[in-house]
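Take a look at the structure below.
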Amino acid sequence: MSSQVQTADGEAPQYYELVPQHHSAHGSTQIGFWIYLMSDCLIFASLFAIYGVLGANYAAGPSPEHLFNLPLVAVSTAALLLSSITYGFAMLDMEEGKQRGTVLWLAITGLLGAVFLGLTLYEFYHMIHEGAVPQRSAFLSAFFVLVGTHALHVTFGIIWLVTLLAQIGWKGLIPANKIRVQCLSMFWHFLDVIWIGVFTVVYLMGMLR
């Protein structure tokens, strides 16, 4: 609601707000982060499309059934999906103002993420040791780019999580830190959804080819 103030002839009228408008202090942060996640979706959609085109081009080299260790991948998948649940517990404790519980669940989430990342790196090491390097075939190039990009995102998420733990330990559950926890929550769950797609398209469907 605004009010017009009369001015002298020839001058433009002036308007003043009678009712102050309230805006969320961190609304732009969350909107900006959603835009970032949408751009990340486009990146992974492109990588999935590339894998869909090149995933069957083995160039007389090893195929998924010769390379993939499904039990190992299942363990890493379980660790990542479980980390999404523990992050949910951290969010619940944060909403209740329980700083110790929030920090504990976030730390467990980070450990599970580290387990997933460690198993992924072990898989890469084993494949490279067997001679299945990215330049061996189009399939391996697409595989390493897709899975490696996801692993890089998980690495970034763990670094962000450790930084956030330090910020909470320093300043507590202030509004700014709560927004950071919420943004990281969106990012972490996003990585879980992407990995479900990777596990299904790359590993399960790859073993059936």
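Just order 90-97, 140-147 by mean Cβ neighbour count inside 10 Å, highest at the front, would you? Write down the numbers at each step before the final one.
On the way: 90-97: 16.0, 140-147: 20.9.
My ranking of the peptides, most packed first, is 140-147, 90-97.
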Query raised in the report: Taking Cα atoms, how many degrees apart are the long axis of helix 27-54 and the longest axis of the chain, rounded to 10 and kept between 0 and 90?
Result: 20
Report task. Using only alpha carbon positions, build the gyration tensor of the chain, then give the equivalent ellipsoid semi-axes as the square roots of 5 times its eigenvalues, largest first, whole angstrom. Result -> 46, 24, 12
Requested in this report: Hey, can you find the accessible area per residue of the chain for me, probe 1.4 Å, expressed in square angstrom?
Outcome: 55
Query raised in the report: Measuring from label point to label point, each 7 Å out along Cα→Cβ, what is the Ala114 to Gln99 span in nm?
Result: 2.3
Requested in this report: Would you calculate a helix-derived [θ] at 222 nm for the chain, using -39,500 (n - 2.57) for each DSSP H run of n ≥ 4 and dividing by the full residue count, to the nearest 500?
Outcome: -25000 deg cm²/dmol
Query raised in the report: So what J values fall out for the stretch 141-152 if you push phi through Karplus, 6.51 cos²θ - 1.76 cosθ + 1.60 with θ = phi - 60°, rounded to Hz, Gly and Pro as x?
Result: 4, 5, 4, 5, 5, 5, 5, x, 5, 5, 4, 5
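Could you please state how large a percent of the accessible area of the chain is carbon and sulfur, counting protein chains only and using a 1.4 Å probe? Please report the intermediate quantities before stating the final value.
Numbers: 7860 of 11560 Å².
Answer for the chain is 68 percent, counting heavy atoms of protein chains only.
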Requested in this report: Report the far tail of the P(r) of the stretch 112-209, meaning the percent of Cα-Cα pairs longer than 22 Å.
Outcome: 41
Report task. Using the charge dipole of the chain (Lys, Arg: +1 at Cβ; Asp, Glu: -1 at Cβ; taken about the Cα centre), state which of Val154, Leu140, Trp34 has its Cα farthest towards the positive end. Result -> Leu140
Requested in this report: Over the Cα atoms of the stretch 78-162, compute the convex hull volume and normalise it per residue, giving Å³.
Outcome: 83
**Report entry** Hull shadow area, averaged, the stretch 101-150 [alpha-carbon convex hull, nm²]
**Finding:** 3.6
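The values are calculated or read from the model by the stated rules, or taken from the named source; none is laboratory data. For clarity, every value in this text was computed on a predicted model and none was experimentally measured. Positions of Cβ are generated from backbone atoms using ideal geometry, with glycine treated the same way; all protein chains shown enter the neighbour counts. Areas reflect the complete protein model, heavy atoms only, side chains present, ligands, DNA and RNA absent. Shrake-Rupley method; radii C 1.70, N 1.55, O 1.52, S 1.80 Å.
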